[in-house]
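**Student:** Handing you a structure now.
The values are calculated or read from the model by the stated rules, or taken from the named source; none is laboratory data. Quick caveat: nothing in here was measured; it's all calculated off a predicted structure. Don't worry about glycine lacking a Cβ; one is built from the backbone with ideal geometry, like all the others, and counts go over all protein chains shown. These area figures cover heavy atoms from the full protein model, side chains too; ligands, DNA and RNA do not enter into them. Shrake-Rupley method; radii C 1.70, N 1.55, O 1.52, S 1.80 Å.
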Amino acid sequence: MKSTVAYGLVLTLILSGCTTQRAVDPLPTPKAYGTQIIEVSGGKQIGGVGSKLSDPLVVQVNGADGNPVTGALVIFRGAGLTFNPSNALSDSSGQVSVMVQLGGIPGSYQVLAETPKSSGGTVSVPLREIALGYQEKLGKEVSEKYCTVCHDPESTPEKVSNFDNLAPPAPHQFTDGNTLNQMADADLIRIIADGGPALGKSPQTPAYRGTLSAAEIKAVVAYLRAVADPPYPGAKGK
C-alpha cells in the first residue's frame, strides 16, 4: 500500500513539472469589437532567458473609425512564453497591458496579440521579444562598456552618446539588421578586433584586440545577431 501511494505521489510530481506555462485565464465575454489591433509599446524587449521583461507589452484595439474600442477581447499567444494575464478586455483607452516572461531557450520569441471581429474571425498583430543566453548577455555587457557610447543614439545620465558627433556617416546601431545581417561573422569579428580600416570601414572604429578576449569579441557578434532588426536569418527563433 505504501509503495502504491509513493508511486502515485512521484507520478503527480512528474506530471505537474512537465510545463512551466501558467493556467490559461478564462475568456471574458467581449462587450465590443474592433477592426484593428496595434502595438503601443513593449515589443522588441531584451531580457535573459527565463526572465520577466521589465516593461509591459501594451496593445490597442481600434474601430473602423480609428477610435479606441473599450471592452474588446484581446488574447496573447506565444510558444514558450508566459503572459499575465493571457487575455483581457480593453480599457477606456482601448488598451490591454500584459507582463511577459521569456522562455528558457535563447532566441527570438514571437508574440501574437489578437482580437475577434463582430463578423467572425480575428485581427492580430505580431510582436517580438528577445531572450539572451550566456554568450549574448556577455556580449551585451561588453557592448555597453565599450560600444554603445558611439553606436547608441540615446544618452543616459551615466554615459553621453557620441552617436551624432561622428561623421560621415553616423555609426550603425547594433539593431541595424539591414546592414549588419549582410556581414559575415568573420568580418564583424575582424572589425571589432582590428578596427574599421581592417575592412575599409571608418577609421573612427577602434581596434579592441588588445582589450577584449576572443571569447568577448565573439560574444559581441552573438549579441548583434540576437538583437538584429529585421532578425538575422540564422538566428534562433521560437
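**Student:** Tell me the residue from Ser93, Ser97 that is part of a strand (DSSP E or B), farther than 30 Å from Ile217 by Cβ and at pLDDT 95 or above, please.
**Tutor:** On the way: Ser93 fails: part of a strand (DSSP E or B).
Checking each option against the conditions leaves just Ser97.
**Student:** Is it true that Val142 is farther than 21 Å from Leu224 by Cα, in contact (Cβ under 8 Å) with a residue 12 or more places away in the chain and surrounded by 14 or more Cβ atoms within 10 Å (Cβ to Cβ)?
**Tutor:** no
**Student:** OK, next. Quick one: in the range 170-198, which of the residues that are touching a Lys or Arg at 6+ places or on another chain (Cβ under 7 Å) and farther than 28 Å from Gly107 by Cβ is modelled with the lowest pLDDT? Write out each step before concluding.
**Tutor:** Looking only at the range 170-198, we keep the residues that are touching a Lys or Arg at 6+ places or on another chain (Cβ under 7 Å), and these are 189, 191, 193-194, 198.
Now drop any that are not farther than 28 Å from Gly107 by Cβ, which leaves 194, 198.
Numbers: Asp194: 95, Ala198: 87.
This residue is Ala198.
**Student:** Here is a follow-up. Could you check Val74 against (1) surrounded by 20 or more Cβ atoms within 10 Å (Cβ to Cβ); (2) under 15 Å from Gly43 (Cα atoms) and say which number it fails?
**Tutor:** So the condition that Val74 fails would be (2).
**Student:** Then there's this: Could you list, in sequence order, all residues of the range 46-68 that are closer than 29 Å to Thr35 by Cα and open to solvent by less than 20 Å² (accessible area, probe 1.4 Å)?
**Tutor:** Hits for the range 46-68 are Leu53, Leu57, Val58, Val59, Val61, Asn62, Gly63.
**Student:** Follow-up question, since we're still on this one. How many residues does the range 197-224 contain that are free of Cβ contacts under 8 Å to residues at least 12 places away in the same chain and either of a type in the set (Lys, Arg) or closer than 26 Å to Lys44 by Cβ (or both)?
**Tutor:** Residues flagged as free of Cβ contacts under 8 Å to residues at least 12 places away in the same chain and either of a type in the set (Lys, Arg) or closer than 26 Å to Lys44 by Cβ (or both) within the range 197-224 amount to 1.
**Student:** May I ask you to list the residues in the range 91-131 that are open to solvent by 10 Å² or more (accessible area, probe 1.4 Å) and β-branched (Val, Ile, Thr)?
**Tutor:** Within the range 91-131, Ile105, Thr122, Val123, Val125 meet the criteria.
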